[in-house]
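Asker: Dropping a structure here in structure tokens format, bear with me for questions.
Taken together, the values in this text are just the output of simple stated rules run on the coordinates, not laboratory data. A quick note: this is a predicted structure, and the numbers were derived from the prediction, not measured. Cβ atoms come from the backbone with ideal geometry, glycine included; neighbour counts cover every protein chain shown.
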Amino acid sequence: MEFKQNEINKIYCGDSLEVLKTFPDDSIDCIITSPPYYGLRLYSNDKKEIGREQTPEEYVYTLVHVFNEAKRVLKKEGICWLNLGDSYYNYRPGKGQSLIKQTIANNKQDLPDVCARRANKLVGLKEKDLIGIPWRIAFALQADGWYLRQDIIWAKNNPMPESVTDRCTKSHEYVFLLTKSPKYYFDNVAIKEPTVTRNKTNRDRDSTRLNNTPGRTKMSGLKTNDYETRNKRDVWNINTKPFREAHFATFPEALVEPMIKAGCPKEGIVLDPFIGSGTTGVVAKKLGRNYIGIELSPAYITIAEKRLAETTKQLSLI
């Protein structure tokens, strides 16, 4: 069973888990998403919003159920790119706690009265502990049947400033490559990088220590390094990009682009179960793919649909 034409290139409003349950099996080519991070900020007043869970364990439990349903709708050869950031345990009981300012607001600048993490004492964590949320999620998804194929480092040259004096400023997040099967669609040629150096010197590999190690399969004879491209590395240096109308956690388009190029065939369908301000859909359209988004917040859907309409208009002029 597949999606009908009028069911794609649109954003569905609702809880990700419940909306996913309405989607057909094996219908999605690629999933790209960044769920709300645990206990860092509130994006809406909806109590179903992921990230409000009282403990890391509850957060992991919630996401495992969402991604189990996502795995069902993903094609056998499909892949999933999951971006997650970490957080520190900082217990601040009672009122008067310092809360992070939000950038989309109807009142109070989105400074909530209750923060799921900071006013909640967690057993097993010490003050100032790094919680390790990304790896908790990755291992839980692996245990739930996903193939955990790779951890990619999203290195930010322009990270959010931090006033800490007893650790380094955090400037990276994780992107996990997850698959449903051991063999899957992955266009590595589409995301190859320019080589740093080119060398036409022939190397006699038969004389190298590497090729004379007992038990090692020998590489073939004379080789050069005269290549224009190389396989993409697993550290992606990509700046964050502010988006005036949305929260500061917006995906940069440059981060999503290689995910779609490598993970979704032309005219395939990219799903983002937490599409937010719509970046995944925007990049999908620019690259000739279809998209489906799910978003709990009507305010973000309005922002995303405006961006997508502008993108469609720009593409029509090309």
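Asker: Once phi is turned into θ = phi - 60°, what whole-Hz ³J(HN,Hα) does the Karplus curve with 6.51, -1.76 and 1.60 give for every residue of the range 64-79, x standing for Gly and Pro?
Answerer: 4, 5, 4, 6, 5, 5, 5, 5, 4, 7, 6, 5, 4, 8, x, 10
Asker: Please turn the phi angles of the range 301-318 into ³J(HN,Hα) values with the Karplus equation 6.51 cos²θ - 1.76 cosθ + 1.60 (θ = phi - 60°), one per residue in order, whole Hz, x for glycine and proline.
Answerer: Along the range 301-318, the couplings run 5, 4, 4, 5, 5, 5, 4, 5, 5, 5, 5, 4, 5, 5, 5, 5, 8, 7 Hz.
Asker: Summing +1 for each Lys or Arg and -1 for each Asp or Glu, what net charge is found among the other residues whose Cβ lies under 13 Å from the Cβ of Thr195?
Answerer: Net charge in that neighbourhood comes out at +3.
Asker: Right, here's the next one. Given 0.36 nm per residue, what is the gain on full extension from Cys168 to Val64 after removing their alpha carbon distance, in nm?
Answerer: Going from the current span to full extension adds 34.4 nm.
Asker: At a Förster radius of 45 Å, what calculated FRET efficiency corresponds to the Cβ-Cβ distance of Glu49 and Tyr227, to the nearest 0.05?
Answerer: 0.40
Asker: Under 12 Å from a point placed 7 Å out from the Cα of Glu267 along the Cα-to-Cβ direction: which residues of the range 274-318 have their backbone N that close?
Answerer: In the range 274-318, the label zone of Glu267 (backbone N under 12 Å from the point 7 Å along Cα→Cβ) covers 289-290.
Asker: Label Ala155 and Glu253 with points 7 Å out from Cα along Cα→Cβ: what is the distance between them in nm?
Answerer: Those two pseudo-labels are separated by 2.5 nm.
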